[in-house]
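Below is one structure, written out as structure tokens, with a few remarks after it.
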Amino acid sequence: MRRRKFKGMLKYFDIIGDIAIIDIKEEYKSLNRRIVEEILSTNKHVKVVLEKASPISGRYRIFKVKWLGGEKRFITIYREHGCIFKVDFRKVFFTPRLSGERLRIAEKVKTGEVIINMFSGIGTYSIIIAKKSNPKIIYSIDLNPAAYELMKENIRINRVENIVIPILGDAKEIVNERLQSIADRVLMPLPALALKYLPYALKALRNGVGIIHVYDFVKVEKGEKPESKMKKLYLGRLETLNSKSKILLVKKVGEVGPRKYRMALDIKVEG
Ligand SMILES: C[S@@+](CC[C@H](N)C(=O)[O-])C[C@H]1O[C@@H](n2cnc3c(N)ncnc32)[C@H](O)[C@@H]1O
């Protein structure tokens, strides 16, 4: 079975650190063992093969994983843009597919900025920004205790303790209680909550002015443009929130289903 051939048998295939995560198409499930052996022998740096055994779900946005072969573990070390991340696939969300986005945002950050990352996961965006740019401080929030613990470890490993402040909790409550009117930039890398939590991102901006980075899913009809739909959705919401805002950028950052896209939107809030 050649590499290209086994790839055609998979619905999903990612290599993260030394772990391959796969989802085998129903009709090839019986070839499970051969596929795993092929992955291990053709990718010498892969030591573990896991199965993505459910869709992403729940507040922590995780999918179930099943061990299929190689060393029996679920934890790996992943490197991105010169940073090191420890990931535990049983407990936290992680995707390497937003790597380009993490760098894009990091390159926008100006010296001395105060940043809030409302949905940090294991700290990827926050740590890459801290390493690549020169912000004053990044408040890095996540609700999942396991993601928070890994984020703390990743902050230590990457030696950004003076810049990235890990916070465990619901971003809405944390902003209300202690992060109002302090940020130059707010990150919202959680499509499921972006629209709902937009009022809290606005509250977090210093004097109600700054940049918000939103990610959301948009499903379009034939002939409809996802960029226009995303823009309209958020400009409408911002208007109801009495916010004077401009869209700086809107673009697709992935296709997650038939005519369904993950979109990135940069908003400049002017008051
Ligand atoms: C899609 S993941 C973000 C991943 C991360 N930005 C990355 O690139 O690896 C969303 C994260 O938001 C967290 N989360 C969900 N609801 C939350 C809330 N209300 N407040 C803070 N974090 C929340 C989840 O636990 C999850 O880790």
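Worth a mention:
- Considering the conditions (1) near the ligand (Cβ under 10 Å from one of its atoms); (2) more than 19 Å from residue 254 (Cα to Cα); (3) surrounded by fewer than 20 Cβ atoms within 10 Å (Cβ to Cβ), residue 181 is excluded by exactly one of them, (1).
- Within the stretch 118-133, the presence of a residue that is in a strand (DSSP E or B) and over 18 Å from residue 95 (Cα atoms) is excluded.
- Residue 271 meets each of the listed conditions (1) surrounded by fewer than 20 Cβ atoms within 10 Å (Cβ to Cβ); (2) within 16 Å of the ligand (Cβ to nearest atom); (3) of a type in the set (Gly, Ala, Ser) apart from (2).
- Residues of the stretch 155-170 that are in contact with a helix residue (DSSP H, G or I) (Cβ under 6 Å, 6 or more places away or on another chain) and either within 12 Å of the ligand (Cβ to nearest atom) or within 22 Å of residue 58 (Cα to Cα) (or both): 166, 167, 168.
- Only one entry in 105, 84, 62 is within 15 Å of the ligand (Cβ to nearest atom) and at pLDDT below 95, namely 62.
- Residue within the stretch 137-145 that is farther than 19 Å from residue 187 by Cα and either of a type in the set (Ser, Thr, Tyr) or outside any loop (DSSP other than H, G, I, E, B) (or both) present: yes
- Residue 124 passes every criterion in (1) within 14 Å of the ligand (Cβ to nearest atom); (2) surrounded by fewer than 24 Cβ atoms within 10 Å (Cβ to Cβ) apart from (2).
The values are calculated or read from the model by the stated rules, or taken from the named source; none is laboratory data. Computed from a prediction, not measured in an experiment: that's the story for all the values here. Virtual Cβ from ideal backbone geometry, glycine too; neighbours counted across all protein chains shown.
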